[in-house]
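Just below is one structure, and these are the notes that go with it.
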Amino acid sequence: MLESIGYETTGLSSGDAVLAAAARERPAAILLDVRLPGLNGYEVCRELRNRYGSSVAIVFLSGERTEAFDRAAGLLIGADDYLAKPVDPGELIARITRLVARPRSNGEGPSSNGKLEMLTRRETEVLDLLAEGLRQDEIADRLVISPKTVATHIQRILGKLEVRSRAQAVSLALRDERDVSAHGAEQPFGLLVS
């Protein structure tokens, strides 16, 4: 089902196999059963969160552990979602697609994505124009606002991005754009565990 919408999937049968596969190639999403040979799903989820932060979407899918306390435990350990079998195929696809499309940290501490997401739409426009090399007055003309308003936006951008100069802000924006380009061209990779 997931392959029909463009995901590459791999079926694995143990918690240890999931961790090994994720170490070889970090997946975009993991469908995880609670009952697995060796490490159970909860232990695998905790280890994945320790290793990769929120860079991997984790969804529990269980036909046996479906009580409210099971779902709560999965979510508290770090799962993004917890579905009880049988699950509607359309709902599963919608949930996985939404989770994979959500911006995530790379698991290596604070990311530029997190900081850039804090910018308003107008601040993002100002930063993009700075990255194009435009001066403050040129940005004001392009956006049909005053140069003083542009200056205010720039100060807010510097504060939100926790940088001291326009050059650092532009560098952060360009690095993020490069990361998105490098990762955006890849086919999403899903890891299916049963």
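For a protection proxy built on the mean count of beta-carbon atoms within 10 angstrom, sort 83-95, 29-41, 142-154 highest first, please.
The packing order, highest mean first, is 29-41, 142-154, 83-95.
What lysines could a cross-link reach from Lys115, if we take a straight Cα to Cα line under 21 Å and drop same-chain neighbours fewer than 8 places away?
The qualifying lysines are Lys160.
Based on the mean of other Cβ atoms within 10 Å per residue, sort peptides 44-51, 134-141 so the most packed one is first.
Going by the mean number of other Cβ atoms within 10 Å, highest first, we get 44-51, 134-141.
Please report, in cubic angstrom per residue, the volume enclosed by the convex hull of the alpha-carbon atoms of the stretch 12-156.
148 Å³
Pop a pseudo-label 7 angstrom from the Cα along the beta-carbon direction at both Glu91 and Ala167 and give the gap in nm to one decimal.
Inter-label distance under the simple model: 5.5 nm.
Every number in this text was worked out from the coordinates using simple rules, so none of it is lab data. Predicted, not measured: the structure shown is a model, and the values here were computed from it. Every residue, glycine among them, receives a Cβ derived from its backbone with ideal geometry; neighbour counts consider all protein chains shown.
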